[in-house]
Amino acid sequence: MPKSRSTPKLTRRTALAGLSASAAMLAMPRLGRAADETIRIGFPTPLTGPFAAEARDQVKCAELAVKLVNDKGGIGGRKVELLVRDDKLNAGEAATRTLELIEKDKVHAVVGALSSAVQLAVNEVTRARGVIYVSISQSDTINEAKDFSKYTFHEALNPHMTTSAVARQTLKKGMKVAHLVADYAYGHEMLRGFKRAQAAIGADNVGEILHPFGAADYSTFMPRLMSMRPDVLCISNFGRDQANAIKQAVDFGVKQQMKIVVPVILHNQRLAVGPDVFEGVVGGANYYWGLETQNKTAADFNAAFKAANGGAIPTDYGAYGYSGVGSLLAAMQTAGGTETDKVVDALEKLQYDLTKGPQHFRKCDHQSVQSVLVLESKKKSAMATDNDLFAIVANDSGSDEMLRSCSELGHAT
Amino acid sequence: MDLSLIIMQLLSGIALGAVLVITALGLTIVFGMLGVVNFAHGALFMIGAYAGLYVASLTGSFWWGLLLAPILIGVFGMLIEFVLIRRLYGRSIDDPLLLTFGLSYILVEGVRIVFGSDGIPFPTPPQLVGVLDLGIGFFPRYRLFVIALVAVVLLVLWLTLEKTRIGLIVRAGARDPVIMQVLGVDIGRVWLAIFGLGVGLAALGGVLAGPMRSVNPEMGSLVLAEAFVVTVIGGLGSIVGAVVAGLMVGVSISLVALFAPEMATIVMFALMAVVLLIRPQGLFGVRGRTA
C-alpha cells in the first residue's frame, strides 16, 4: 500500500466499490474489517487431465480445512482464503500460475501439486521467492538437498515409505518379484524403493519392464511378464495407468499365477474399474476412510467432510489436501500470523493430528513423518457398502526409520 | 528367446492391431470418399464406448451395447454431416478439419458434464471373461473375440464395397462425384451414409476397447493419434492400407515391447517416419491426392 496519496477523487467506479464494500461490512462486520489482511493460500492442482478426479478431491478437502479455521474465527481474527488454480498437470503452466499467485494475488503460502514434475516447478518458483510451499505430491525429489530450501515442506508420503510398507506385507525371503514400471520419475522412484525393500527382505528380482507413461494398452507386456514366472508383480504407475495396467493384467490371467502389488492403491481408480478387477490387489495409502473404526481423528475428519459434501467420503488424495492446508494453518496459528520465518519455525516444531494420527515434519528435509496404511482390495461379495473398498492389512505408525536418512538425501547432519 | 513367447507376442500384436484397424478404417473411409479429415474421430470413439456402456447397463447385456451403440452413434454422425459438415464441402480442407476439431472439444466436455470426468468400469461380457489355454500360453478370450469380430466386419465391408450395387455407387462417387450426379445419383445421400459409416466404425472401436481399457472422457485422444499414424502409413483414403498398416503397427509395437518395452509407443511414429521418407503417399496411397 502506498503511504501518501493525493486526495481521492470520487468516480463512479470507486463509489460502487465503496458501496459494495460497506454492504459487505454490514453483512459480516468482523470479517469485513480485516479484508485487507486476509490470509491467502495458493493451491495449484491438475483440475484438468488424467489426475482430475484426485485433484478435485484435494480441492474439496483443502476448502474444508480453510472453512473449519474460518468458522472458529480465522487466524488472529484474519480470514483465510484458498486460491485454487488449474496447473493442467504441466510444469510450465504450474510455474506461471504459482508466479501469478505470488506476484499478483500476494499469497502468503502455496500448497498443492500432484505430479512430480509439477511439484518441482512450483518448488522452484516458491523457493526463489522465499514463499512457503507444502507439497502434496507423492514424489519426494524436492526433499533432496539440491532442490530443498527451508521454505519447502512435503506433506505427502514418499516412494520409500510406501514401497517398504507394502513390501513388508507382501514379500518374503526367496520370493520372485517382477516389475511393470511407468517410465518417468514417479515410476523410477517407486521401483528404486521396491528393489531396496526386496533386497532387505531377500526376495529375488526376476525382471523389470518399463512402459511409456500414459499408455492405454499393456497387453504387449503381459506374455513376457508371465514368462518370468514371478510370485509377485509390482505395478508402479499412477492414475489411469494403474487402472488400465491392472485391468489388462487380470484379463491375461496374471492373478491366477501371481499376486499384484502396487506402491499406492488409488481409491478413484479402484472405482473406475470395479471390484472384480482389483480384488486381492495390495497397495499402500496415506488414508482410507475405513480407518474410522480404529482411529478417532479419522472418524472426525470423515464426519466433517460428509457434513460439508452431502454425505460423500474423503479419498486418499483428498486427505492430502486437508492435512497439507491444515498443518500450514495450524503453524500460522502458532506463529500468530503469516510472517514467513516464524511460520517455518512453527511448522518445524508442529505436532499435528488431522486425519489419521500424529504427524510432524522431520527437521532436515521437512518430510512429514506419518503412518502408512497397507490396503487390500475387497472382493465384491465382501463389500458391506459401495464405499467399502479395502481391508486394512497394516497401519504402520510413523517413525524416522521409515525414511531415507538425512545424509542419504544430501543434507548436512 | 522362446518361440512360444514370440507367438504369444504376435497374437497380442494382432489383437492390438485389430482395434487400430477398426478405428483407422472409419477415418480413412471418410477422408477417402469425402475429403474430410475428421478430428472428432477420437471423441466419437469415446462417445461410442459410453453409448455401449449405457445401452449395456439399460438392457443388462453387452451384446445390445455392441450392436446398438455403433448404429446410434452412426446416426448421430449423419446428423453431424447433415447439419454441420455438409456446408463445408468444396471449401478448403482446413474448414472441416477445424470444425471437427472444435466438435471434439464439445463432445469431450459434454461427456464430462453428463458422466463426470472419472473413469467408469466397463465389465467384460461374462461369456468372454478369462483366458483360453492355447497350449503355448494363455490368452484372454475377449481379445480373441475382438480379432474375430474385426475380421468379420472387414469381410462384410469388403463384400459390400466390391460386390454390391451400393458399393459400386460409393466407389464411383469417391472417384467422380460430378459424373455421378449427372447420372442421376443423389450424391448427398451417399456422403451422408459414408460419414455415418465412418462414425459408426469409430463407435464400434470404442465399444470393443471398453472392456480392455478404462472408459473415460479422454480415452479418444490417444486413439485419434494412433488412427492418424495408421492411416498415414497405410495411405490416406486406402482401406487395404488401413488394414495392413493397423496390423503392422500392432505387431511392431508388440515385438518391440518384447525387446525394448520403453520404446513401444515410439516405434509407431518411427515406422511412420520411415514410410513417409520412402513412400510419402503411404503404403497403398495414391500419389498427389488432395481430395
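Just so you know, all these numbers are worked out from the coordinates, no wet-lab data involved. Keep in mind it's a predicted model, so treat the numbers as computed, not measured. Neighbour counts run over all protein chains shown; Cβ positions are idealised from the backbone, glycine included.
Computed quantities for the displayed model
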item: Relative contact order (%) - criterion: Cα under 8 Å, at least six apart; region: chain B; result: 38
item: Residues listed by number, region A:152-167, amide nitrogen under 19 Å from A:A199 label point at 7 Å toward C-beta; result: A:159-167
item: Partnerless cysteines, meaning none of the other Cys C-beta atoms lie under 4.7 Å away, in the protein assembly as shown; result: A:C61, A:C234
item: Likely footprinting exposure, B:R91, A:R224, fewest C-beta neighbours within 10 Å first; result: B:R91, A:R224
item: Counting DSSP beta bridges with both ends in the protein assembly as shown, the antiparallel % (nearest 5); result: 35
item: Contact order relative to length of chain A, as percent, for alpha carbon pairs under 8 angstrom and 6 or more apart; result: 16
item: Inter-part distance where region B:226-275 and region A:42-62 are each reduced to a Cα centre, Å; result: 35
item: Rounded to 10°, Cα long-axis angle of helix A:91-103 versus longest principal axis of chain A; result: 20
item: Separation between Cα centres of region B:1-45 and region A:221-261, rounded to whole Å; result: 24
item: Student exercise, the protein assembly as shown dipole from Lys, Arg, Asp, Glu Cβ charges, in Debye to nearest 20; result: 1100
item: Column: log10 I(q)/I(0), Debye, Cα scatterers of region B:170-291, q = 0.14 Å⁻¹; result: -0.75
item: Where labels lie 7 Å past Cα in the beta-carbon direction, separation of B:V240 and A:R168 in nm; result: 6.5
item: Average partner coverage of B:261-269, which counts Cβ from other chains inside 10 Å; result: 5
item: Among B:L277, B:L208, B:L107, residue whose mean-square fluctuation peaks in a GNM of chain B (springs only between Cα atoms under 10 Å); result: B:L277
item: Among beta bridges that DSSP assigns inside chain A, antiparallel share in %, nearest 5; result: 30
item: Residues whose placed amide H lies under 5 Å from that of A:A394, excluding near-sequence neighbours; result: A:V374
item: Estimated 222 nm signal from helices in chain A, with DSSP H stretches of n ≥ 4 weighted -39500 (n - 2.57), rounded to 500; result: -13000 deg cm²/dmol
item: Average Cα contact separation per residue, region B:22-107, under 8 Å, 6 or more apart, as relative contact order %; result: 38
item: Between region A:371-388 and region B:98-132, the alpha-carbon center distance in angstrom; result: 26
item: Cβ-based net charge around B:L159, under 15 Å, with every Lys or Arg adding one and every Asp or Glu removing one; result: +2
item: Residues B:I278, B:I166 arranged by fewest to most Cβ contacts within 10 Å; result: B:I278, B:I166
item: Proximal charge balance of B:T265 [Cβ under 12 Å; K/R count +1, D/E count -1]; result: -4
item: Two-site label geometry, A:A307 and B:A273: point separation in nm, points 7 Å out along Cα→Cβ; result: 6.0
item: Span-rule helices in chain B, defined as complete DSSP H runs reaching 24 Å or more along the axis (Cα) with Kyte mean at least -0.5; result: B:3-34, B:41-59, B:62-83, B:94-115, B:141-163, B:187-209, B:239-259
item: Where labels lie 7 Å past Cα in the beta-carbon direction, separation of B:E109 and A:A382 in nm; result: 4.4
item: Amide H partners (placed H, <5 Å) of A:K259, local residues excluded; result: A:V232, A:L233
item: Percent of alpha-carbon pairs separated by more than 35 Å within the protein assembly as shown; result: 50
item: Overall Cα dimensions of region B:3-278 - principal axes, largest extent first, Å; result: 59, 48, 34
item: Residue-count net charge about A:Y184 - beta-carbon cut-off 11 Å; Lys, Arg +1, Asp, Glu -1; result: -4
